[in-house]
1. Considering the chain, what Rg and Dmax in Å follow from its alpha-carbon atoms?
2. So, R0 is 25 Å and r is the distance between the beta-carbons of Lys343 and Thr313; what FRET efficiency does that work out to, to 0.05?
3. Any chance you could give the angle, 0 to 90 degrees and rounded to 10, that helix 148-160 forms with the longest Cα principal axis of the chain?
4. Would you mind checking which residues have amide H under 5 Å from Glu220's amide H? H placed 1.01 Å from N; only 5 or more apart, or other chain.
5. With the full set of protein chains in place, find how many percent of the accessible area of region 135-224 is carbon and sulfur; take the probe as 1.4 Å.
6. Suppose every K and R has +1 on its Cβ and every D and E has -1 on its Cβ; what is the size of the dipole of region 52-94 about the Cα centre, in Debye to the nearest 20?
7. For the chain, what is the accessible area per residue in Å² when the probe is 1.4 Å?
8. Tabulate in residue order the Karplus-calculated ³J(HN,Hα) for region 344-357, using 6.51 cos²θ - 1.76 cosθ + 1.60 with θ = phi - 60°, rounded to whole Hz; enter x for Gly and Pro.
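The values are calculated or read from the model by the stated rules, or taken from the named source; none is laboratory data. For clarity, every value in this text was computed on a predicted model and none was experimentally measured. Cβ coordinates were reconstructed from backbone atoms using ideal geometry, including for glycine residues, and neighbour counts include every protein chain displayed. Keep in mind that these areas ignore ligands, DNA and RNA; they rest on the heavy atoms of the full protein, side chains included. Shrake-Rupley method; radii C 1.70, N 1.55, O 1.52, S 1.80 Å.
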Amino acid sequence: MEQSSTSGAERDILVEFRGVQKTYDGENLVVKHLDLNIERGEFLTLLGPSGSGKTTCLMMLAGFEFPTGGEIRLDGKLLNKVPPHKRDIGMVFQNYALFPHMTVGQNVAYPLQVRKVEAGARAEKVKRALDMVQMGKFADRYPAQLSGGQQQRIALARALVFDPKLVLMDEPLGALDKQLRERMQLELKDLHQRLGVTFVYVTHDQSEALTMSDRVAVFEHGVIQQLAAVDRLYEKPENQFVAGFIGDNNRFAGTVESLDGGNCRLRLADGSVLAGVNANGLPPGHAAVACIRPERIALLAPGAGAVNALPVTVSGLIYFGDHVRVRCALPQQEDCFIKLTLKDPALAGLAVGTQVKLDIDPAHLRVFI
């Protein structure tokens with residue numbers, strides 16, 4: 001797993017997880033042994049399927065769960081037994097958790113009341129927080145009078161109103177429709193850039209993670225499989241799980257035939273050979289799976305050659321508006337997919353049953369255990 005080895009002094013670390021474990025039944029570890037640094041001012045997303053441990057990590061950081069082992073620190077202060085309201089952390093929940101009997105202004109003011117902020121300063125902070133999320137005109141309304149997107153903005157204002165060091169968000173856009181969710185993603189990213197507050201965001205939606213984050217930690221079975229900037233995570237996944245969970249992915253199973261520095265040649269069951277990056281350092285003779293994104297594959301022009309020229313049969317054409325998704329069948333393998341823009345000359349005359357050759361970019365074909 002890729003982790004930064006740079007010292008906290010150089011990277012300005014805000015949150016540290018050290019050897020953190022969590023079990024609910026004393027036997028099964030939901031979080032196995034978490035070491036994680038969160039940098040001050042970054043937008044970090046914890047991404048993974050249900051049950052992967054990402055939400056448990058967020059809840060331990062928020063103070064709603066306590067670790068079974070290890071340490072969690074915020075600005076050097078040990079948090080393990082500190083109650084949530086004393087952590088200087090804002091929280092945005094999936095269901096918004098707004099008080100229905102309170103106005104918008106009263107909801108946003110609540111964290112300030114708990115912290116005993118005097119009335120004058122409280123009103124000023126509430127106005128600033130509502131203006132921050134473009135909801136300044138709604139202070140006297142009740143949550144039931146607001147749309148889902150408006151309620152989400154109020155929940156965010158409430159999390160920001162007391163100027164926390166850290167804001168945690170647990171799938172906050174999950175209840176919104178697709179169009180509104182995508183608009184809110186851009187608003188959250190813009191707000192983060194304007195405020196410079198550290199955001200830690202939990203989601204199972206990989207496109208959401210790629211859209212908003214500076215870095216993403218991909219969880220599976222209570223372990224971070226990879227932690228990296230979004231471009232590196234997408235282009236250079238470190239294992240099969242990350243390659244398959246982030247974006248679309250094609251898989252070719254075979255056996256490592258030979259090595260060439262950090263690259264290798266993979267022989268498929270039908271005798272075809274593909275060259276690619278030996279991502280896990282596998283030796284010759286080892287069973288392996290090569291993975292590549294659909295947009296990194298092209299169709300070869302008739303008579304042209306390539307390092308990885310793989311013969312296939314077109315088995316489907318799906319129109320997606322801005323591109324056509326071409327489904328290809330090949331012997332003893334899963335079907336693979338490529339994406340062709342509408343202007344791609346290779347689309348001319350392409351039909352189901354056509355025999356073609358794929359040009360698979362060896363620099364982006366990653367071979368995993």
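1. Reported Rg and Dmax, both Å: 24.6, 79.
2. Taking R0 as 25 Å, the efficiency between Lys343 and Thr313 is 0.55.
3. 60 degrees
4. Gln225
5. So the carbon and sulfur contribution to the accessible surface is 47 percent.
6. 60 debye
7. 46 Å²
8. Per residue, the Karplus-derived 3J(HN,Hα) values read 5, x, 5, 6, 4, x, 6, 8, 4, x, 5, 8, 9, 10 Hz.
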